[in-house]
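Asker: Please see the structure below; I have some questions.
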Amino acid sequence: MFSILSAAAVLQLTTPAADPRIEAFRTGCLPHNRDNERAAAALAANGWAEAPEDDHPELAASIAMVREDAADPEYPMELTYSIWRREIEGRRLYVVLNRVHSVMGKTEDSDGDGVIQSWETASDLTLLGCGVWDFDESSPIDPARVTAWLGREPVQIIDQPGVISGGTWNVFGLIAGTGEIHVGHLPEGTSWPFTGVSITMTSAP
């Protein structure tokens, strides 16, 4: 029974979505969610063009915010990314691929026994991100559309009028290496440096 349900879920993910942003995410982020180089090559082959971060003022603001977070001296991170643009149904959409690498902790003989145990060594953490951004959209994506596409109900819904709206869908066991998909909308007038719709995921390589 579990294998039948899993097969049905995978089939659901390969079905074209009703919303162009969801469809861009499905085709741009899911096939190679654990390999950014292959994801970039697939985007280029499917008509996406690499774009500079100042291609849209809100894109530049969002990248600057992420870069600032990565430069935190207490938790330094190595950040690399590429940006892709495509006009779809009159919308200027962006896909952002990113890779974050950080060293967690430090290697030291914390108990002074002269032996470095496994729990006394620093560990590498690498995460890959992919997201679709529609900075010019004034309305949120209907959560029911995401639920219909994934075949799963959201585990969280956020609805703060004039501030933020969106939801989180647990895709553990459905998409290898990925735990959640986040869909959000920031309206005009928000305190964030960018507005519009986003669909994002973070995966283990």
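Asker: Output the residue which, of all residues in segment 167-177 that are without any contact (Cβ under 8 Å) to a residue 40 or more places away in the chain and open to solvent by less than 20 Å² (accessible area, probe 1.4 Å), is farthest from Met65 (Cα to Cα).
Answerer: Restricting to residues being without any contact (Cβ under 8 Å) to a residue 40 or more places away in the chain and open to solvent by less than 20 Å² (accessible area, probe 1.4 Å), the top hit is Val171.
Asker: Examine segment 125-138 for a residue that is open to solvent by 70 Å² or more (accessible area, probe 1.4 Å), out of contact with any His (no Cβ under 7 Å at 6 or more places or on another chain), at pLDDT 90 or above and not in a strand (DSSP E or B), and state whether such a residue exists.
Answerer: Yes, there is a match, as at least one residue in segment 125-138 is open to solvent by 70 Å² or more (accessible area, probe 1.4 Å), out of contact with any His (no Cβ under 7 Å at 6 or more places or on another chain), at pLDDT 90 or above and not in a strand (DSSP E or B).
Asker: Taking only pairs six or more apart or across chains, which ones have beta-carbon atoms under 6 Å, a first residue in segment 28-48 that is closer than 18 Å to Ile175 by Cα and assigned to a loop (DSSP other than H, G, I, E, B), and a second residue that is open to solvent by 60 Å² or more (accessible area, probe 1.4 Å) and of a type outside the set (Phe, Trp, Tyr)?
Answerer: Hits for this filter: His32/Arg38; Arg34/Pro205.
Asker: Got a number for residues in segment 154-166 being in contact with a strand residue (DSSP E or B) (Cβ under 9 Å, 6 or more places away or on another chain) and exposed (fewer than 13 other Cβ atoms within 10 Å of the Cβ)?
Answerer: 4
Asker: Among the residues of segment 24-66 satisfying the criterion of being under 16 Å from Leu93 (Cα atoms) and acidic (Asp, Glu), which is surrounded by the fewest Cβ atoms within 10 Å (Cβ to Cβ)?
Answerer: Asp54
Asker: Next question. Residue check: is Glu180 at pLDDT 95 or above and either open to solvent by 20 Å² or more (accessible area, probe 1.4 Å) or not in a strand (DSSP E or B) (or both)?
Answerer: It is true that Glu180 is at pLDDT 95 or above and either open to solvent by 20 Å² or more (accessible area, probe 1.4 Å) or not in a strand (DSSP E or B) (or both).
The values are calculated or read from the model by the stated rules, or taken from the named source; none is laboratory data. Quick caveat: nothing in here was measured; it's all calculated off a predicted structure. Glycine gets a Cβ as well: all are built from the backbone with ideal geometry, and neighbour counts include every protein chain shown. Heavy atoms of the whole protein, side chains included, go into the accessibility calculation; ligands, DNA and RNA do not. Shrake-Rupley method; radii C 1.70, N 1.55, O 1.52, S 1.80 Å.
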